[in-house]
Amino acid sequence: MGYFLVFVLSVLVGSGVYAATLRAAREGTVAAGFEGRSTPDSAGDTDLPVAGPGYTYLRVGIRGPSWQDRLVGFVGLLVLLGVSTVTLAFGIYQLGHILNVTIENFFTK
């Protein structure tokens, strides 16, 4: 039952964030740099499309991440995994401690 409650709660929170993101995209202003006709850049692109309200785009480079970027990402992932594991273990320990104190108080009174 606990797993189902966590699953339902996470779906509800995710749906709420998704709905809020869509609403913000419709009501918000156009991102900076997309408010009028584009100006020609040094490459000579004079016919760049203008993004509509709530839409933006990025030019994506053709180069992938460097080995330093990949290494930093991997180290960051390991740190995040370690911190989350310690936090989860501490939370489970505290929950067990609270249950133990509750049961002891129940039987001693």
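The values are calculated or read from the model by the stated rules, or taken from the named source; none is laboratory data. What you see is a predicted model; the values in this text were computed from it and never measured. Positions of Cβ are generated from backbone atoms using ideal geometry, with glycine treated the same way; all protein chains shown enter the neighbour counts.
If I go through region 55-74 residue by residue, how many of them are surrounded by 10 or more Cβ atoms within 10 Å (Cβ to Cβ) and either farther than 30 Å from THR21 by Cα or modelled with pLDDT of 95 or more (or both)?
1
For a quick check of your reading of the model, give me the residue pairs whose first member lies in region 87-106 and is surrounded by 10 or more Cβ atoms within 10 Å (Cβ to Cβ), whose second is part of a helix (DSSP H, G or I) and not aromatic (Phe, Trp, Tyr), with beta-carbon atoms closer than 8 Å and at least 6 apart or on different chains.
Note: no pairs meet the criteria.
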